[in-house]
Structure formats: structure tokens, C-alpha cells
1. Tell me whether region B:402-409 contains one or more residues that are assigned to a strand (DSSP E or B), within 24 Å of residue B:620 (Cβ to Cβ) and not charged (D, E, K, R).
2. So in region B:169-218, with the set limited to residues that are among the β-branched types (Val, Ile, Thr) and either in contact with a Pro (Cβ under 6 Å, 6 or more places away or on another chain) or under 14 Å from residue B:246 (Cβ atoms) (or both), which one is nearest to the other protein chains (Cβ to nearest Cβ)?
3. Residues in region B:571-587: is at least one within 20 Å of the chain's Cα centre (by Cα), more than 14 Å from chain A (Cβ to nearest Cβ), at pLDDT 95 or above and under 21 Å from residue B:435 (Cβ atoms)?
4. Among the residues of region A:215-234, count how many are under 32 Å from the mean Cα position of the chain (by Cα) and either farther than 18 Å from residue A:184 by Cα or not small (Gly, Ala, Ser) (or both).
5. Among the residues of region A:287-302, write down those that are open to solvent by 70 Å² or more (accessible area, probe 1.4 Å) and small (Gly, Ala, Ser).
6. Scan region A:550-584 for residues that are in a helix (DSSP H, G or I) and in contact (Cβ under 8 Å) with a residue 12 or more places away in the chain and jot them down.
7. Given (1) more than 7 Å from chain A (Cβ to nearest Cβ); (2) under 28 Å from residue B:489 (Cα atoms), identify the lone condition not met by residue B:410.
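The values are calculated or read from the model by the stated rules, or taken from the named source; none is laboratory data. For clarity, every value in this text was computed on a predicted model and none was experimentally measured. Cβ sites come from the backbone with ideal geometry, for glycine too, and all protein chains shown count toward neighbours. Only protein heavy atoms, including side chains, enter the accessible area calculation; ligands, DNA and RNA are left aside. Shrake-Rupley method; radii C 1.70, N 1.55, O 1.52, S 1.80 Å.
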There are 2 protein chains.
Amino acid sequence: MTTRFIPKSEFDRIRAAQLKTDQLLPLVAKMCRLNTLFEVKRAGSGHLGSSYSAMDIVVFLYHHYMNVKNIGWDNPDRDIYYSSKGHDVPGQYAVLYSLGIVPEEKFLKLRRLGGLDGHPDLKIPGIEANTGSLGMGISKGRGIAFGKKYRGRKGRVIVMTGDGELQEGQNFEALQSTVQQGCSNLTVVVDHNKLQSDRYIDRIVSLGDLEAKFKAFGWAVARANGHDYAAIAKVFADFEKITDKPKVCIFDTIKGRGVSFMEHPRALQENNGFYRWHAGAPDDASYQKAYLELWESIKADFASLNLGHLEMREPEAIAKGLSKVSDEFVAVAYGKTLVELAKSNKDFVILDADLSLDCKLREFEDSYPERFIECGIAEQDMVSMAAGIALQGLVPVCNSFANFLAARTNEQIYNLLSEGKKVVFACHYAGLIPAGPGKSHQSIRDISLFSAFPNVTVLQAANSIEMDMITRYAISEAKESVMIRLVIGPSPQVIQLPSSYQFTFGRGVALTEGSENVLFTYGSVMLNEALNAEAILREKGKNLRVINMPWLNRFDKEWLQTELRGVKNCFVLEDHAPRGGLGDRLMATLNELDVLKGMEFDVMGVEGFPACGTPLEALKFHKLDAESVAERVLARIGGAKASHLRAV
Amino acid sequence: MTTRFIPKSEFDRIRAAQLKTDQLLPLVAKMCRLNTLFEVKRAGSGHLGSSYSAMDIVVFLYHHYMNVKNIGWDNPDRDIYYSSKGHDVPGQYAVLYSLGIVPEEKFLKLRRLGGLDGHPDLKIPGIEANTGSLGMGISKGRGIAFGKKYRGRKGRVIVMTGDGELQEGQNFEALQSTVQQGCSNLTVVVDHNKLQSDRYIDRIVSLGDLEAKFKAFGWAVARANGHDYAAIAKVFADFEKITDKPKVCIFDTIKGRGVSFMEHPRALQENNGFYRWHAGAPDDASYQKAYLELWESIKADFASLNLGHLEMREPEAIAKGLSKVSDEFVAVAYGKTLVELAKSNKDFVILDADLSLDCKLREFEDSYPERFIECGIAEQDMVSMAAGIALQGLVPVCNSFANFLAARTNEQIYNLLSEGKKVVFACHYAGLIPAGPGKSHQSIRDISLFSAFPNVTVLQAANSIEMDMITRYAISEAKESVMIRLVIGPSPQVIQLPSSYQFTFGRGVALTEGSENVLFTYGSVMLNEALNAEAILREKGKNLRVINMPWLNRFDKEWLQTELRGVKNCFVLEDHAPRGGLGDRLMATLNELDVLKGMEFDVMGVEGFPACGTPLEALKFHKLDAESVAERVLARIGGAKASHLRAV
């Protein structure tokens, strides 16, 4: 399907046309909305809903209010704006493109390697801070304001937050310190669109009287319509006069604003109460409908303002760069098993941090509402609540994305584990893939974070069948706490385990044959690469025994010793950093078993920060795709040293 | 010096004497205050100030309000109380002892192995939750309340928080969710003593209008004098009538209440504005003074209430169990270097999370107030603020205890590191020792947490001289971010480095000689054990080359190869868990260098959760004291396998 966008030259033209501000800004916003639609459709993913709710404020800031358009982006006295929520960045990119800050070659590559990251990243022109993990923005803004003051630099600091994002407790830490430190050069704007993910905030965790909260924390508070440019301008003008305290404006906005069927409440009414346009690209028909609505509205403005012909550009289609995928989602099996298990096991409950759709918990939520606990975007609170539940003899199952659960709640997990009760942590979105959302979401430290605790088993399933086994084991059988890693995307291929396979403590299972060369890996993404690498090697007459190893930090030592008898080259392919993963734990165990001396041991993992792009782009970038893996194995078993040795 | 306490029999006697409640409870509280003084003086450390401010509320709850004294501690319908701040636990232990819940043999062993942990731990009778890391209590209480409801159990849930503790953002996550989830069986009591550590809260980060905050979050709010039993009783009676929302009472209290010179404001006036009695045992003279004041007051009550003779007991003195220590504090050198460096380097600033005294930052704070940023007990906010400061081209130096900094802010650190600017993290209180405060404070995962990031160097100094070198390197020279580990206690001995020693990238330095057997370790605590182990081995005619290795995850590979030529046994002694520390990183590097095959490699570290006790008790418990280390080395180099092989 072809997609079209409005080239920068058209923005230049209308900016030169000496329109009134109240004519120019709404038109620019409409044009940027169309370009955002283009970006997201072309990328195949991205966040439209909040790009649209925030758009009018962002256009006001960049096209009218901030000094960057005059003094430039390298000037230390420049005004600084960024979005703390970060997922509204396709909209921000569209605005930055309209001003020529983001160059066209990048604008055509949302969520592609070398293009525009799925969440804000400093390497992109115009982006002032890395965001995407929620709740950090106000703290960071205060740091920028401090740095400006310390350096004697001018320029205002403006931070946008989401409203659901305000559930994160760090915001309140930041609110109190900003007042205490007398930091008045910080303005927060809340994109209060009333929805988080696909439901109303009040349904998840209500913000209550938000104005009263901000006031109780000592901030100057304003409230205005975030789609009314005069109202927006008045807020900022009023704020200029307040120099003794930090300022926050709650902008009432509409998620999906600008495309009628993406706006709430209509969008929810038309979809059984759920908001469809939070994340992901619209299907072709919806795209077409949205495109036409925006395009006609823009054309009407061009006509009424005598702006002449609206030039559109249709770029070459971009290679999808997607690996072939199956229709298996391993996490779906997890969700199904939870529902099934709940029938006979009354002793576990599910906790969620506003990701129930992504974590495949909706069926459980609907079937067992009394055993489903929604904590909102407040992972620390969720984990400590789980601790209390465990103290009452139940098994709590905490769900979130791996990055948020393993890292943000790390001390809460330590506290809980020190109490010795069993808790299950379901770390969704573990590993490198999908790589489109960028490094705030790609999780490559979770195994090391959980393996650092003395009493947690870390597991990952190869396919849906093993996922079911692991879920049952974790909840009903395991004696200690369990962390389950889950791939969030579809399985590239459905991994076939032997029909006789039984899930057994500390043991993996060989999927291919090979006597001297063994490769351990786990999870559907890397098993796929490993099996494809094995096929490449087989064609070259080399054998590689690929072992699916669901146990990432607990091993049956006898099995290991038997399995590795006669092995000369042992490889570990990590869907994780090369430090702290299965490789480190295996190496230590093989050293203890005294079998390490007889073999070469080589760990491949995600070096550095994970790359943003399509799955194949990211895998290739990190040399973890099948061809790179085969090449590295070949270099090693052929006797030559591989060129990309493990860094320390 | 001898110390005396009031035996449980005296509490039994006055409880049987049919006193009126308003006579009994204040007297019990005084007696418990005396016993708390005893505990802390005997232990040599502990928190008196907030044990005393909370005491009247705790006595009211256990001796009057809660059902546990009637239905017993194993009854699932029991009321549950715990303190979220946790450091007031010596006072709680005294109350639990007065009721016979904590047995006398444990009561005599505060902060000793097998006795009473420095912060609450479930294994101690009467303790309902592990606490000590701040801000988790309300969330956990909600979990307990949920569990009770789900299980159909009776019993109220009451959580005490500190006031400084309310700076932690997690509290606000918990407040919002408790209302959303309709959890009305949760009562929070705030011990609002107005001080945090050694200064007024308003001086650190003001709580502002605390009542307004709680109300804005939808809670039922009361306020009362926390030392007035009638007022306390009225609050709880009123709360019984509120069944539709969670309840919080802000109890105005006095830190040090009950001992005149420990009460604020007097205590601050007499000590240059600082509160001396937050942590640590009083000196002998102060102890004597406090003891007499309490004892005379209690005696007077006994006389006026016709309770007869007050029996006191004087237990045998407890062996101090302290290793010999020097007067060197490595962190003092860190603080001095910061002050010195600041004269010539204007480009770094210091951030603190209410631990400036412990982190030896006071001189910097006084000398460079414009470069010292106090963030309060809000580590996440501190780290994200540092990110913003780094974006303005400064080097922020974040300070807190290792457990709080490495774990609680893990995701904020990841976000910041992904921006590629340099930040220094000073992780104080790293390692196993001191072991008195217990596992909430002992940090044995910080190396693994920081080594999991791709761009942080982790360093630890052997002595003050190396500390100075490391501090200068981190702030002025290092190209990437640096984490500095610091021992918080005194050095057991001052480690002597060769006079020619130069701090060089990736290199350690041998402190003793030995050709075949090498032991790598770091920091003053484990270097002391290693050197003592070496002396033991030397007496047995065995040589061990002890290498001080300040670089915990960055190595000069050429140096390593040279250093390990001819080595048959390589040991690593970790002041850390055996997973994820120097050992793992060294092993991976030696594997890469292909020198691992020629040697035995053995890592000793802190297995399981760190034990509470004196330094020697904890070291022996974990088999990391000199004798255990020597024994393990001997078992290995003598050819026999050591008995305590590394677990996985």
C-alpha cells in the first residue's frame, strides 16, 4: 500500500505566507498529524493516539513559543523541550521535520536502523533527552534547569508528561524537590487525554483531583484546553509572570485528536470500550480513512487561505525487513495456562501494571476479576504489594515488561525475596526483539538482574507447549521464586521439541545433532537464529548440536556433564547482554565441574545498547542473526579465532 | 561498662496490677524506652531517636489495641502491625520483649548473629515484614490486606511510616492504588517527628502540607499528638467508624522522646543544629545520664502507683566480637578529595539523598553549597536529575548507600547511561560489613548491577591513598561513567600499597609474593582477610600472591596475561555475591585470553542473603574470614577439592 506525506517545502511555504498565528498553527498541526500517520503506517508501528493529543501543544512550542527556531539547536541558551512519556515521539518527529531539524532521510525511516528510534534518543536532531520509560522526565528537567543556572545559561525548560504516566511515584519525588530547590525555571505540561494504553485512567488507577495534588506539592497550577491555541498561549504568558515557583499546566486533550474515529470517547464506543489507536499502525482501510479526513481538511484550509496547491510526496516503499514469522505468540500460551490453572488452583493471583493486553492477561482479568489486581503504571508498588500477598500464603504473579519489572523494582524484589515467600515474575518483552520501540523497551539485563538474587529460578520457553509447562511449574511446583522471560512478538518459527520432551529441573534438550560442537540458547527468537545457523553449517558439512536451554541459572549438573562429554566447542547464544546471562552461569558451573578445560567456550550476546530497527536489522547489527552466528561458529570450529571476541 | 534492663517479669507484674490504662501504658513505654537504651548500648549501635518518637504509638498498639495479645501470633485473623521505616525496631523489640514475644536470649543479642537483626526480619517472633529500605511499607500493607480479604481472614493492618520516608515516591503510588482498589482495611500512622537523619526535614526536602497531600490522594486523614494516649485512642476509635476508605493519622511526635537531652529541639540546640541520636549507641556518659533519667522516672511511677520494688537485671557483658580496626575511613579520603578537586575543577557537582554525613560529604556541602544538591530520600529523582545535569555538560556525582543506589534506581541509571554522558555513582556501604544493620543495608549485588550496563567502570579502593586516586580518575579522567564502591566502616587495617604504586587502567597490584597461587580481592575489608589468610598459609609454608584489584570489570589484558603466567590456582575473594562480581568478569576474560585452561579458578563470595551480626560473626558465617579463606585455599592447592564449592 502506498503512503504519502507533506514535504518540508510545503511547511516552508505556508510559514512564509504571513498567515496569522491562529491560522498557521492549527494548519501546521493538521499537516504534522498527516505526516505522523504516514510515519507510523510506513513503520508498521508507533503511537498515534498520544502523538495526536499532544500535537497542538508541541506545534505551539516549536513553531511559536520556543527560541530554538531563532537561535538554533547548538546554542546553549536555547529553550529545551522534551516529552517524558516519549511514545508520542512520532508526532514530535513530524514537527521537527516540518522545521527542517529532522532531515528527510531520517523522517522516512521511523523505527529503522539509522532512522528515528521508536522512543526519543539524543542522537536524533532536536531530541533533548532519552525517554520512553515513564516518570523520569520532571527529575531530569530539573537537572537541566540546574545545569543552565550553574552554567549561567539562558533558556526555559519545558517537560511534557502523560497523565497515566503520573502514576509513577518518581513524579512526586520530583515535584517536592523542584519546590525545595527553588527551581522555578521548569514548566511541566500534562497531556491529560484521560486514557492510558487502551482504557480510561479512572478505570486503571484514578489520578483523583490532579490540580489539588500539584497544589499540595507547592506548584503553580493552571488548566486549559490543549487544543485551543489561544488558551495555550495564555497559559504560557501567565507562567512568564510566575518566577518564584515551578509551574504546571494540566492540558485537557483528546487522545487521537484530529482524526474523528480515533478520538475518544467515540473511538472507545466503537470498539467495546477499548481504545484501538494507542500503539501499532492502523490497518489499510483505517489508514485510508484517516488519511482522507486529514488531507481533505488540510486542502480546505489551503483553499480558504489561498495557499494554492498542496504538494504531497509518495516515497518509495521501504523494504519491510521483517523476518518471516509464525502465528505463534508464546505469551498467549502463558495467558491461557493462567486461566486454566486458576480453575483448580485458588492460591495464586495476578498483578498487572497497565499492560494487561500486551501481557495477554485479558482473559484472566475477565474470568477472575477477584484475583486480578491492576496497579497502574507503578511497578514498585505492584511488587511490594505482591510481597504482602505472599505473606498471606498466596502466590502473586507480577506482570510487566522486563525492563520495567527487573530494573525499576529491583530493590523491592530484593526486599521481597529476603522474606523467603514465593513470587512469580513474568517479564514480558524480554530480549532484543522487537527492536522498533528502542532501548527503553528492549531488555537485555533481566537475566543478570534476577540471577544476582540468591533464590530465584530464571526460565524461558521455546514454544507454547513449553510455556505451558513453565507456567505450571512456576506457580504450582517451584519451591523458590521464579522469573519467567517472555518474548512479546510472534515466534519467527514454531520451535519443535521432541515429542517425548519433559520439562525437567536444570535440563535442556538437543534439537539437532552434533558431537563436538554444542550451542545453548533459549526463547523463540534466538532458537530460530540458532536453528537457521545450524542449517547453514550443515550445508557446509559441519554439525552443531543446538540445545534449547529453558533453565537460565539452575542446572542439573549430572545432565550437563553427560551432555558435554566429548564436546570441543561450546557456544552460548544469548537473547541478552553477554554479561550476566546463561553464558556466565554456565561457564561458572562448567568450571566447577572441571569440564571447562577440555573445550572452547564462547558467548554471543547483545553488546552495547540494543539497536533500534526491524528484527533483522537489529540481529544483524549485533551479529546475532543466523549468518553471523554460523560465521562465528565456523571461525571457531575451523580452528581460527573469531574476530568478534567477547568484550569485558 | 555494665548495662541493666527491666526483665519481662516486671512487665507481667505491672500488667497484673490492674492499673488504669492511662497509668499502665505510659509506664510500659518508659520501661520499654529504658530497655531500648539497654539494647542499643549493648549492641554498640542502633536507632534510639525514632524508637523513642514511635514508642507511645507502638505501646498503645501492642499493649492495648491489637488482638494479638489475645488470639496469638499464629492466628491468621490477627491484627498486623509493622514499621515501614524499620530502623525504629529496637523500640519495637523492647515492646515485643515486654509481652514475651521476643524471648530474652534474643533480646540480649541485638545486631548479633542469631539474635535480633538491625532492621526487621520475619524470622524474629512478632515481626510481620522485612523492612529497612524506605517507602515500601504501605504497598506491602495493602498486599496483606488484600490477602486477608481473599482468604476471608479477619484482622486489621496497621503500617507505621517515618516522615522523612514519605519523600520516597513509592508511597504515592501506594496511596493512589489503595484508594482505587477500595482497600479500606489499611491504616497508616506517620511518626511525624520532623527530623530525618540528623536534620530537620524542612531543611532537606519539605513535606509541605502533609494533610493536604494525603487528602488529595483520597485518604481519610487525622492528626494527633503521638505521645498522648487519649489522643491516640481517639484516632483509632474514630478510624473504626470509617469503612469506605483507607485511613492515615499524622502523629506529631518528638524524636528522642522520653530522654530530655535527646528530644528536639533541645538536642539540636545543644549540638550545633544537628541531631546526634538518630543512629549509633550513646557514649558512656550519655548512656548513664539517659539511664538515670528514665530509671528515676520509672521508680517514681512505681512509688506513686504502689508497685513496690523495681527489679533490674544486669546480664553478663557480651563479647564485642569486633575485629581490630584502624582509624582509617576510606570514605573520608573520598570526601576530602572532592573538596580539594572542587578548587580547580568547576565542572562537577555533588548530589545526595539524605546521607551526607554517612557519605562524608559535609565538608563539601559547607564549602560549596552551590554545587551540592540535596534530593532527600528519593534516589530515583536524584539519579534522573543527575542525568539532566550531565546533559548540560557537567559531571554529577550521585551518593547513596549501594543497595539504594544500584538497585532502586537501576532503570533510571540505564536511561541515563543510554544518553552517553558521564556520571559518577558513589555507592557507599558496599559489601558485607558492617553486618549489624542487616540485609536491607548490606550490599552484595552492586557490582553485578553496574557491570550489566555496557558503559560503566566499577572501582573500589584499598586505602585512602588509592581512594584519592580513584576519585580523581572518576571525576576528571575517566571517559565513561564510573561506579565507585566504598566501605562505610573503618578499615580493619590500613592496607599498604607499594610506594611506587600508580593507579593504572585495568591493573591490580600484588601485595604479597607467590608464583603458583594468586588471590584477587578488593576493598579494605576483604584485603584484610586475604592478607591474614596469606599469613596463615605462610606459616604453613604455602605462598599466596594477594593482588589488590581495584578494577572490578575493566582489565588490562596484557597485564593479566603476564601476571598469571605460571599460575596454577587463581582465587577471587569477593566482598559481594559470588555471581556477577569480579570473579565472573575475570573468568570470562581469562577464558577469552585462553589462560583459564591451565589453572584452577575458584570464587569465594557471600552466598545467600547476608548475615546480620558483628563483622567477625558475618565473615565466619559466610566462610569469608581469614581462617576459612586459608582453609579453602589450602584444600585447593593441596590438591584436595574444597568442600564448599561454588553454587550456581
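1. Step one: list which residues in region B:402-409 are assigned to a strand (DSSP E or B), which gives none.
The answer is no, given that none of the residues of region B:402-409 is assigned to a strand (DSSP E or B), within 24 Å of residue B:620 (Cβ to Cβ) and not charged (D, E, K, R).
2. Let us first name the residues in region B:169-218 that are among the β-branched types (Val, Ile, Thr), namely B:178-179, B:187-190, B:201, B:204-205.
If we keep only those that are either in contact with a Pro (Cβ under 6 Å, 6 or more places away or on another chain) or under 14 Å from residue B:246 (Cβ atoms) (or both) as well, we get B:178-179, B:187-190.
Details: B:178: 9, B:179: 7, B:187: 14, B:188: 13, B:189: 17, B:190: 15 Å.
Result: B:179.
3. Of all residues in region B:571-587, those within 20 Å of the chain's Cα centre (by Cα) come to B:574-577.
The next check asks that each one be more than 14 Å from chain A (Cβ to nearest Cβ); those that pass are B:575.
Checking which are at pLDDT 95 or above leaves us with B:575.
Add one more test, that the residue is under 21 Å from residue B:435 (Cβ atoms), and what stays is B:575.
Within region B:571-587 (the criterion being within 20 Å of the chain's Cα centre (by Cα), more than 14 Å from chain A (Cβ to nearest Cβ), at pLDDT 95 or above and under 21 Å from residue B:435 (Cβ atoms)), the answer is yes, since at least one residue qualifies.
4. Residues that pass the stated criteria total 12.
5. Listed by number, the list is empty, since nothing qualifies.
6. Correct list: A:557, A:559, A:560, A:561, A:563, A:582, A:583, A:584.
7. Tallying (1) more than 7 Å from chain A (Cβ to nearest Cβ); (2) under 28 Å from residue B:489 (Cα atoms), residue B:410 fails exactly one: (1).
Here's the yes/no breakdown for (1) touching a Ser or Thr at 6+ places or on another chain (Cβ under 8 Å); (2) surrounded by fewer than 24 Cβ atoms within 10 Å (Cβ to Cβ); (3) part of a loop (DSSP other than H, G, I, E, B); (4) not small (Gly, Ala, Ser):
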| residue | (1), (2), (3), (4) |
| --- | --- |
| A:113 | yes, yes, yes, yes |
| A:118 | yes, no, yes, no |
| A:133 | yes, no, yes, no |
| A:139 | yes, no, no, no |
| A:145 | no, no, no, no |
| A:153 | no, yes, yes, yes |
